Amino acid sequence: MKAFPRHARVAFIGDSITAGCNFTARIAAYYVRHLPHLGVTFKNAGVSGGSAQSAMLYYDASVAPFHPTHALIMLGVNDSDRTALTLSDEAEKSSRLEAAHDRYVTRMNALLDRLWADGVSVTLCTPAPYAEYISTAEEPLPGGYALIRRYAETVRAMAHMRGLPLIDFHACLSEYYLCEPLYNPDHVHPNDAGHHRMACCVLSAQELNPDPYRPLSEELSDLPALAEWNSIAARITSLYAVEWMVVCNFELPKDEKLALVQKTIDDGKWSGIPYFQSITAAYMANKPHETEMLSRMDVLWDEIYN
């Protein structure tokens with residue numbers, strides 16, 4: 001697997017790990033810093049809480065306008081219905097987990113067919129492992145590691161069947177996470193060092209030489225235009241998170257979305273959950289400026305490379 005070609009337009013499609021704008025920014029920073037002559041541009045199309053279903057629902061709004069030539073896809077953690085692992089009824093648990101896996105396979109194949117029809121070169125990525133075997137303040141879900149490993153095996157099979165390149169995040173992080181502090185306490189989301197390992201996994205697979213670890217803020221400190229691009233990308237992915245998990249209807253007109261989110265804030269629905277308090281407040285501030293932010297992201301790539 002080689003580096004992205006000259007003038008490639010690369011979309012990252014995934015869930016909250018992608019939407020966190022960390023490993024994706026590290027990969028972009030490497031290309032800007034070391035391979036500027038290639039002029040590769042990037043798009044973060046991650047959706048927090050997202051799945052193969054959300055990837056299809058947001059495709060026309062988020063991915064298609066970017067006109068990608070290449071895409072990296074990492075999905076499966078949210079598709080897995082991992083909360084079913086807490087069920088005491090084994091038959092119900094098995095039924096839910098099997099149904100979730102069947103839906104994932106169907107939706108992933110639909111997403112891959114759409115990308116193929118659009119002429120996009122796809123690299124499949126196995127989902128990052130569920131870090132069940134580390135000790136944190138939060139109790140892990142028993143069986144979580146094995147559950148996500150199954151999805152990793154499914155992605156490997158899809159890549160083989162379709163002849164697609166594979167980035168094996170699951171194998172890479174499984175090798176390191178027991179020896180290095182690579183995860184947040186929730187056992188799901190890699191921390192800053194974990195995202196560095198993920199970026200290294202991609203770059204090494206492309207036969208490139210990753211830079212040593214630095215916190216993301218330092219990684220972008222000498223690339224102000226890229227830092228701005230990544231900041232706007234985070235605000236955009238946060239909008240999608242609210243529309244996916246709070247509004248639950250992407251097709252609503254903007255004014256109706258704003259009214260619905262404001263009502264959830266006024267009703268105090270998320271008052272006990274800081275994450276949702278934060279993203280709904282940010283939604284009200286940023287949604288009216290979405291078009292401007294998207295336009296700014298487009299022109300930033302000229303500034304990044306000039």
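The values are calculated or read from the model by the stated rules, or taken from the named source; none is laboratory data. Predicted, not measured: the structure shown is a model, and the values here were computed from it. When we count neighbours, we look across all protein chains shown, and the Cβ atoms used for this are built from the backbone with ideal geometry, even at glycine.
The single condition from (1) outside any loop (DSSP other than H, G, I, E, B); (2) free of Cβ contacts under 8 Å to residues at least 24 places away in the same chain; (3) not charged (D, E, K, R) that residue 88 fails is (1).
Would it be correct to say that residue 212 is out of contact with any Asp or Glu (no Cβ under 6 Å at 6 or more places or on another chain) and either of a type in the set (D, E, K, R) or without any contact (Cβ under 8 Å) to a residue 40 or more places away in the chain (or both)? Against the criterion (out of contact with any Asp or Glu (no Cβ under 6 Å at 6 or more places or on another chain) and either of a type in the set (D, E, K, R) or without any contact (Cβ under 8 Å) to a residue 40 or more places away in the chain (or both)), residue 212 qualifies.
When residue 79 is tested against (1) surrounded by 20 or more Cβ atoms within 10 Å (Cβ to Cβ); (2) part of a helix (DSSP H, G or I); (3) at pLDDT 95 or above, only condition (2) is not met. Aromatic (Phe, Trp, Tyr) and surrounded by 15 or more Cβ atoms within 10 Å (Cβ to Cβ) - does that describe any residue in segment 112-120? For segment 112-120, residues aromatic (Phe, Trp, Tyr) and surrounded by 15 or more Cβ atoms within 10 Å (Cβ to Cβ): absent. Going by the structure shown, is residue 48 of a type in the set (Gly, Ala, Ser) and buried (at least 20 other Cβ atoms within 10 Å of the Cβ)? Yes; evaluated as a whole, the condition is true for this residue.
Look at (1) closer than 24 Å to residue 223 by Cα; (2) surrounded by fewer than 24 Cβ atoms within 10 Å (Cβ to Cβ) and you find that residue 24 fails only one, number (2).
For segment 148-250, the helices (runs of 4 or more DSSP H) that sit wholly inside it and include 2 or more residues that are under 17 Å from the mean Cα position of the chain (by Cα) and more than 29 Å from residue 106 (Cα to Cα) are 192-205, 224-242.
Cβ-Cβ contacts under 7 Å between residues 6 or more apart (or on different chains), taken from a first residue in segment 98-120 that is closer than 15 Å to residue 71 by Cβ to a second residue that is charged (D, E, K, R) and modelled with pLDDT of 95 or more, are listed as 112/162.
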